[in-house]
Amino acid sequence: MTTATKATRTPPATETTNSATSAATAATARNPPSAASRPSLPSLTGLRWMAALLVFGLHVHNFRYFGGSGGRIMTWAFGGGATGVSFFFVLSGFVLTWSARPHDRALAFWRRRVARVYPVHLATAAIALVMACTLTRWPLPTLSQGLANVVLIHAWWGPWWQTLNPVSWSLACEAFFYAAFPALLLVLRRVGARGAAALGAVSVLTVLLMAWADTHHWLGQQLSSFPAARLPEFVLGVCTARLVLLGRWRGPGLEASLALAIIGYFLVPQVSDGYPAATCPVIGFALLIPAAAVADLRGLPSLWRHRPLVRLGELSFAFYMIHLLVLRAGISVLGNRPRFGLTTGVAVTAVAFTVSLALSWVLYEAVESPARRLLLRRRRTSSKAGPKPPATRPEPARTGSGAPDAGSG
């Protein structure tokens, strides 16, 4: 009683800490940190590599490198590999929102996006055109098909879809997302956390509705590669990033989110092919990506933050763009659907993987990085324009998806 009566008016340390934390959270909700002050998210770059690897495994499975028991194992492991593209779409929305600049203009944003994806796209399209002219069993595109592929509108119409480099259909979807992103972000910055959560829920429901429509052929359109149909996955990534920025994300941790994503991935064979496959892991992906981001922000353990995975993640876009061309070129040597035994299939797959990874490194070092620097180069101001600014301590180098030009293929 005496202690309680004579208690000082200064609040306990725990209460002070909680008050400071609440005030910081409220301040973050009102004014999220600017893009320049946001830390990098290397775990997202590592996860990007795993998504690219799923797509590679799917295409090895489709090319029937394995027969017998090996073929059954590949079907079990990579039959749902197309969902790696769904992961890319959700991740793209998250990363672009995380790295968005507060007063950025749409033209400046689109310029950075072109610098990010277009050099590798043009390089792989040129390789595909040379292969079409020199290799047998490779369709030569018409002029309209080639032009549609180059300007990234070929996913909007069936006859243009699988021309030149087939995987570039996802870039046509990304181009549509980039066109819509400035307006979408402007809306989300005005509606706050509740609006972002509501829009994210609507996006999930839209994915489920379109999966039902695709299963019953209600729309008469192949939705799995139709850009407008894949927009909800991108919007879902934008919404989750907005909640993380506002300090309002309340999803499960990294381990639980990964488990949900894996369960959804292995549910893919239980649904029909095409767009419905994206519905199985999309919720798991929408939980996994912000969970990995929060793990990086809080310094929690993350397998995906290890340097080898981050480096592979940096190469993932070039790897994604070149690997199918390598597999198609292999038809001239291996034949169509060779169905090798387990040992031979593993050896051939290892060779295809090594060649694809080596070429992706060449594309990254010789095309992607230098072309991006060239396209984004700014004119240096003259030293006579004004006094030299005071010296400041240089910022530490960033790695991972926190860089302003980071994105997904």
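The values are calculated or read from the model by the stated rules, or taken from the named source; none is laboratory data. None of the values given here were measured: they were computed from a predicted structure. Reconstructed Cβ throughout: ideal geometry from the backbone, glycine too, with neighbour counts over all protein chains shown. Protein only, heavy atoms only, side chains kept; ligands, DNA and RNA dropped before computing areas. Shrake-Rupley method; radii C 1.70, N 1.55, O 1.52, S 1.80 Å.
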### Query
Got a sec to turn the phi values of the stretch 42-50 into Karplus ³J(HN,Hα) couplings, 6.51 cos²θ - 1.76 cosθ + 1.60 with θ = phi - 60°, whole Hz, x for Gly and Pro?
x, 4, 5, 5, x, 5, 4, 5, 5
### Query
Between the stretch 245-296 and the stretch 86-102, what's the alpha-carbon centroid distance in Å?
15 Å
### Summary
Expressed in square angstrom to the nearest 10, the accessible area of Asp104 with a 1.4 Å probe stands at 50 Å²
### Task
Taking amide H positions as placed in the peptide plane 1.01 Å from N, state which residues far from Phe66 in sequence (5 or more) or on other chains have amide H under 5 Å from it.
Arg339, Phe340
### Query
What's the long-distance tail for the stretch 245-336, i.e. % of Cα pairs beyond 23 Å?
48 percent
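Sorted by mean Cβ packing within 10 Å, highest first, what order do the peptides 348-356, 167-175 take? Intermediate results must be reported in sequence, preceding the final value.
Values: 348-356: 17.0, 167-175: 23.8.
My ranking of the peptides, most packed first, is 167-175, 348-356.
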